[in-house]
Amino acid sequence: MISAEAPILFAKACEMFIIEMTHKAYYYAKKNNRKTLQRNDIASAITDTEIYDFLLDIMPREELVSNAKDKQLVILLLFHFYYSQPTRGSS
């Protein structure tokens, strides 16, 4: 059973996450003289912010590498995430 406060807290946490992600992505849009966020702005925010490393798995690999400041570091991170995932059926 979920308490009445839990959905409110989850909604607030999601709101704060989206606001922070939007601010970081807007920085990259503004840097490229645009006012509209694009997918590559979000990819840049994810690759350049360490706390968003958990999102690397869902971003297209090509987009991550093309938007990264330090391409070798991103390739190393992708290699680590890919090979550190447990395989299905193993315990």
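When the residues of segment 41-52 are filtered to those that are surrounded by 13 or more Cβ atoms within 10 Å (Cβ to Cβ) and charged (D, E, K, R), the one that is farthest from TYR27 (Cα to Cα) is ASP48. Among all residues of segment 61-68, there is at least one that is surrounded by fewer than 14 Cβ atoms within 10 Å (Cβ to Cβ) and either modelled with pLDDT of 85 or more or not acidic (Asp, Glu) (or both).
The values are calculated or read from the model by the stated rules, or taken from the named source; none is laboratory data. Note that the coordinates shown come from a computational prediction; the quantities given were computed from them, not determined experimentally. Backbone-built Cβ (ideal geometry, glycine too); neighbour counts: all protein chains shown.
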